[in-house]
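Asks: Got a structure for you, questions after.
The values are calculated or read from the model by the stated rules, or taken from the named source; none is laboratory data. Just so it is clear, the model here is predicted, and its values are computed rather than measured. Note: ideal-geometry Cβ built from the backbone for every residue, glycine included; neighbour counts use all protein chains shown.
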Amino acid sequence: MRSMNHFERDNETAVMQSREIRDRMSGNEAVAHAIRQIDPDVMPAFPITPSTEIPQMVSTFIANGEIGTEFIPVESEHSAMSAAIGAEAAGARTITATSSAGLALMWEELLLAASNRLPVVLALVNRTLSGPININCDHSDGMGARDTGWIQIYAENNQEAYDNYIQAFPIAEDPRVHLPVMICQDGFITSHAVENISLLEDAAVKAFVGQYEPEEFLLNPGKPVSVGPYAISDYSMEAKKAQEDAMERAGSVILETADRFCRMSGRQYGFFEEYRTEGADYVLLLMGSAVGTAKAAVDRLREQGVRAGVIKLRVFRPFPAAELAEAVRRSGCRALAILDRCESYNGVGGPLGSEVTQALYRAKVYTETVNYIYGLAGRDFTVDHVCDVVDELKAVAEGRCKAPDHKYIGLRS
């Protein structure tokens, strides 16, 4: 499938430097603002804390005549994703938003959206999955959907939530990819907290994202197609491999899109960010809003003469295994803390712990690692916690204690 004018390399408008517009917004407001600028065709959504504000704000934009999006009120999140699949298959640029149990209720449809190669964009405001019932942040919802075939990009702060959302459409709709994208941000921590951010001009965003013009779609009377047909064993495995190939190609498209976005905004993104890792003895690898806490701790430790650094993972799917392993090798660190805001219930740690250690092993990077579980269901994660982690890494690196398979941070005894 071929998509739109935003992939034309001679379109200088799409990469022009946009005038900076300073504002104060919550993460949910920032995503809603990006949606207003993009003006998608269809938004089916069902409210769930803490993402409720996003469809609420979008419906207000629609009511005020600011955008032409068709809002579809539905009876559940399962129906929301079902409607999104139908709209996208019909040729409409389609979005939705959800959190926690809402994403879990979409489970069947998440797989269909990805396997049918439909570039839906979903704003996921991360919240813990029950039980017990809790409305605060961890990454159990996004991590639960990590193998559904969706691209996943995580934000550290409100600025990144806004920037990531704008970049999602050129990634998802690229003819080399055609996969759905989750843009993830931490519930309440970024979704409701207000920060100063830099916005782009409406015209620049529209030019960057471009018009969605799918080559294949259901409402094309001159070229009938089937979406989601039954496949016998002779064809199904090849379809799965084609889907995996698209996920692999998405990596280069993500970087290309980030480069174009940088030329427009001046803000550079990649698979991950390395913060003070050069010459670091101890490195912490994590993602989401807790990265800001880790950076503050590293600054304190550096002032004390402790050489610590942070790797902030931004793109979780496709997983940049080789690139992460090389970043750890390049740092020369003596020990690495891999921090998960989610438990895998596999007896040995969290999803990041499993995937990062596998990546290091395959790349023959034999750095000591400790997998930490932190911040579940909104539990506090502080600068002092990070300093304690680095102290433990130092003890592990010096042979004064054995590295545990995985360990909880801030757990009440």
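Asks: With respect to Gly68, is the statement that it is assigned by TED's automatic domain parsing to the domain that holds Leu111 and over 24 Å from the mean Cα position of the chain (by Cα) true?
Replies: So Gly68 fits the description; yes.
Asks: Quick one: is Tyr361 aromatic (Phe, Trp, Tyr) and in a helix (DSSP H, G or I)?
Replies: In short, yes.
Asks: On to the next question. Does region 298-307 include one or more residues that are surrounded by fewer than 17 Cβ atoms within 10 Å (Cβ to Cβ) and either of a type in the set (Asp, Glu) or outside the structural domain of Arg379 (by TED's automatic domain parsing) (or both)?
Replies: yes
Asks: If you don't mind, another one. Please count how many residues of region 226-237 are at pLDDT 90 or above and either surrounded by 13 or more Cβ atoms within 10 Å (Cβ to Cβ) or in a loop (DSSP other than H, G, I, E, B) (or both).
Replies: Residues flagged as at pLDDT 90 or above and either surrounded by 13 or more Cβ atoms within 10 Å (Cβ to Cβ) or in a loop (DSSP other than H, G, I, E, B) (or both) within region 226-237 amount to 3.
Asks: May I pose another question? Kindly list the number of the only condition in (1) under 20 Å from Val177 (Cβ atoms); (2) hydrophobic (A, V, I, L, M, F, W, C); (3) not in a helix (DSSP H, G or I) that fails for Leu339.
Replies: The number of the failed condition is (1).
Asks: Are any residues in region 179-222 closer than 22 Å to Ala155 by Cα, in contact with a Pro (Cβ under 8 Å, 6 or more places away or on another chain) and surrounded by fewer than 22 Cβ atoms within 10 Å (Cβ to Cβ), and if so, which ones?
Replies: Once the filter is applied, which keeps residues that are closer than 22 Å to Ala155 by Cα, in contact with a Pro (Cβ under 8 Å, 6 or more places away or on another chain) and surrounded by fewer than 22 Cβ atoms within 10 Å (Cβ to Cβ), region 179-222 yields Phe188, His192.
Asks: Then there is this: So, of the residues in region 67-84 that are among the acidic types (Asp, Glu) and surrounded by 13 or more Cβ atoms within 10 Å (Cβ to Cβ), which turns out to be nearest to Ala97 (Cα to Cα)?
Replies: The qualifying residue nearest to Ala97 (Cα to Cα) is Glu77.
Asks: Among the residues of region 334-375, what is the count of those that are in contact with an Asp or Glu (Cβ under 7 Å, 6 or more places away or on another chain), charged (D, E, K, R) and crowded, with 21+ Cβ neighbours inside 10 Å?
Replies: The qualifying residues number 1.
Asks: Mind listing whichever residues of region 97-152 are in a loop (DSSP other than H, G, I, E, B) and at positive phi?
Replies: Scanning region 97-152 gives Arg117, Gly149.
Asks: Taking region 374-405, which residues are among the charged types (D, E, K, R) and not in a loop (DSSP other than H, G, I, E, B)?
Replies: Asp384, Asp388, Asp391, Glu392, Lys394
Asks: Right, something else. Given the condition out of contact with any helix residue (DSSP H, G or I) (no Cβ under 9 Å at 6 or more places or on another chain) and at pLDDT 95 or above, answer yes or no: does some residue in region 112-130 qualify?
Replies: Applying the first criterion (out of contact with any helix residue (DSSP H, G or I) (no Cβ under 9 Å at 6 or more places or on another chain)) to region 112-130 yields none.
Checked region 112-130: no residue is out of contact with any helix residue (DSSP H, G or I) (no Cβ under 9 Å at 6 or more places or on another chain) and at pLDDT 95 or above.
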